[in-house]
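Taken together, the values in this text are just the output of simple stated rules run on the coordinates, not laboratory data. What you see is a predicted model, and the numbers here were worked out from it, not measured in a lab. When we count neighbours, we look across all protein chains shown, and the Cβ atoms used for this are built from the backbone with ideal geometry, even at glycine.
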Amino acid sequence: MAVSLNAAAQHRARVKDLAAGKLLVAPRELLDPSFARTVVLLVRYDEEGAMGLIINRRTDVALSRVLQEWKEAKGRSDPVFVGGPVNRAAVLGLLRSSAKPPEATPVFADVYLVSSKALLEKTLAAGADSQSFRVYLGYAGWAAGQLEYEVGLNSWHAFKADPGAVFDADPDSMWQRLIRRTELQIAAAPR
């Protein structure tokens, strides 16, 4: 009985850690091709469900090519990221700014979700670089209770995010670094 109570307490603690601004790190065992070896930033988490962006799936496609009809994107060589398997036609941005831009949704600290075309165009026109602005196609989404269920199955490890991780200069190696950190924490945890 003590083992099941301890497992239940651990599950509650993991679920309690869920919030906008948390990083979800896929475990090695997660084989779903949409999420294998991913790091997801939760950008929304409430009673209706959760939404996140995969922040470590950089493409080789330049922003100017994807948004070729936007004059503000002309000449932009920074890559677009695959934000998730849901609605890959959706264009979303993450912006790091000391002041909250109008229409942007606060995620955590000085990181904001940019989801309107007008604000995306304005941010591009302002010349925000890839160290403070990234564009994502699609997103990850969970219905109410779905993410909590997955966390209970150990399908995700949750970490507090920091802006440096969101705008990591080497997103391709991010999952490997975070999964090692996760495994070290698990190995060091009291049993």
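Only Lys, Arg, Asp and Glu count, each charged at its Cβ (+1, +1, -1, -1), so figure out the dipole size of region 102-191 about its Cα centre, rounded to 20 debye.
With only Lys, Arg, Asp and Glu charged at Cβ, the dipole is about 200 debye.
Just want to confirm a number: the relative contact order over the chain, from Cα pairs under 8 angstrom separated by 6+ residues, in percent.
With pairs under 8 Å counted, the relative contact order is 28 percent.
Apply the Karplus curve 6.51 cos²θ - 1.76 cosθ + 1.60, θ = phi - 60°, to the phi angles in region 31-48 and return the couplings in whole Hz, x for Gly and Pro.
9, 3, x, 6, 10, 4, 6, 10, 10, 10, 8, 6, 9, 8, 8, 8, 5, 8
Arranged from highest to lowest average of other beta-carbon atoms within 10 Å per residue, in what order do the peptides 36-42, 138-144 appear?
Result, highest mean first: 36-42, 138-144.
How many Lys pairs in the chain lie less than 20 angstrom apart by Cα atoms, where the lysines are 8 or more positions apart or on different chains?
For the chain, the number of qualifying lysine pairs is 9.
Choose one of S130, V114, V86: the residue whose Cα lies farthest towards the positive end of the charge dipole of region 53-134 (beta-carbon charges +1 Lys, Arg; -1 Asp, Glu; about the Cα centre).
Selected residue: V86.
By DSSP, what percent of the beta bridges with both residues in the chain are antiparallel, rounded to the nearest 5?
95
Using the Karplus equation 6.51 cos²θ - 1.76 cosθ + 1.60 (θ = phi - 60°), what ³J(HN,Hα) coupling, rounded to whole Hz, does each residue of region 72-87 give in order, writing x for Gly and Pro?
These are the phi-based 3J(HN,Hα) values: 5, 8, 4, x, 7, 9, 5, x, 8, 10, 7, x, x, x, 8, 6 Hz.
Please report, for the Cα atoms of the chain, the Rg to one decimal and the Dmax as a whole number; what are they, in angstrom?
Radius of gyration, then largest Cα-Cα span, for the chain: 17.4, 63 Å.
Any idea what angle helix 174-188 forms with the longest principal axis of the chain, computed on alpha-carbon atoms, 0 to 90 degrees, nearest 10?
20
Roughly how big is the chain's charge dipole about its Cα centre, with Cβ charges of +1 (Lys, Arg) and -1 (Asp, Glu), in debye to the nearest 20? Intermediate results must be reported in sequence, preceding the final value.
Working: 24 positive and 21 negative charges, 48 e Å.
Magnitude of the dipole: close to 240 debye.
Rounding to the nearest 20 debye, state how big the charge dipole of region 125-171 is about its Cα centre with +1 on each Lys and Arg Cβ and -1 on each Asp and Glu Cβ.
Details: 2 positive and 6 negative charges, 20 e Å.
With Lys and Arg at +1 and Asp and Glu at -1, about 100 debye.
Can you work out the Karplus-derived ³J(HN,Hα) for every residue in region 144-160? Use 6.51 cos²θ - 1.76 cosθ + 1.60 with θ = phi - 60°, whole Hz, and x for glycine or proline.
Here the 3J(HN,Hα) series is 3, x, 5, 5, 4, 4, 5, 5, x, 8, 6, 7, 9, 10, 9, 9, 6 Hz.
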